[in-house]
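Take a look at the structure below.
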Amino acid sequence: LRPGGRAVLVVPSNPRLYDYYDAHLQHQRRYARGELRERAEAVGLPARAEVALGSIVYPGFWLLKKRNRRRRLGADEARRRVERDISRSAASSIARAAFALEFALLRRGLR
């Protein structure tokens, strides 16, 4: 970054939830809460905010990720499942409503 520049980092959270979905999307890892902030600050990049996106849907997400960790899938099956799940999520009125609520709360300063 240039001096005074800003970066926005969006990374997957909770290392215990790494599954075939993460592997397919080429996530190298998931971060524990506060870990990325600590790493950034250690190299001189002060963090202005730390936000957990998807917190409203997190309980259901956590359950699915725990189930997924027990599955051993080949690359083709993982790709099919990830693509199917993404298309279902994009079409979900419940997910859209949950994220709209979360964004409204964030705009009001609630994290």
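Take the stretch 14-32 and flag every residue that is at pLDDT 90 or above and of a type in the set (Gly, Ala, Ser).
ALA32
Using the structure shown, decide if ILE56 is of a type outside the set (Asp, Glu), open to solvent by 50 Å² or more (accessible area, probe 1.4 Å) and in contact with a Phe, Trp or Tyr (Cβ under 8 Å, 6 or more places away or on another chain).
So ILE56 passes the test.
How many of the residues making up the stretch 89-111 are within 17 Å of ALA49 (Cα to Cα), touching a residue at least 12 places away in the same chain (Cβ under 8 Å) and open to solvent by less than 90 Å² (accessible area, probe 1.4 Å)?
The number of residues fulfilling the criteria is 2.
How about the stretch 2-29: which of its residues are within 14 Å of ARG72 (Cα to Cα), of a type outside the set (A, V, I, L, M) and out of contact with any Pro (no Cβ under 9 Å at 6 or more places or on another chain)?
ASP19, TYR20, TYR21, HIS24 - these are the residues of the stretch 2-29 that are within 14 Å of ARG72 (Cα to Cα), of a type outside the set (A, V, I, L, M) and out of contact with any Pro (no Cβ under 9 Å at 6 or more places or on another chain).
Among the numbered criteria (1) on the phi < 0 side of the Ramachandran plot; (2) touching a residue at least 12 places away in the same chain (Cβ under 8 Å); (3) surrounded by 14 or more Cβ atoms within 10 Å (Cβ to Cβ), which one does ASP22 miss?
(2)
Can you name every residue in the stretch 59-88 that is surrounded by 14 or more Cβ atoms within 10 Å (Cβ to Cβ) and aromatic (Phe, Trp, Tyr)?
Of everything in the stretch 59-88, just one residue is surrounded by 14 or more Cβ atoms within 10 Å (Cβ to Cβ) and aromatic (Phe, Trp, Tyr), namely PHE61.
The values are calculated or read from the model by the stated rules, or taken from the named source; none is laboratory data. Values in this document were obtained by computation on a predicted structure and should not be read as measured data. Cβ coordinates were reconstructed from backbone atoms using ideal geometry, including for glycine residues, and neighbour counts include every protein chain displayed. We work out accessible area using only protein heavy atoms, side chains counted, and drop any ligands, DNA or RNA first. Shrake-Rupley method; radii C 1.70, N 1.55, O 1.52, S 1.80 Å.
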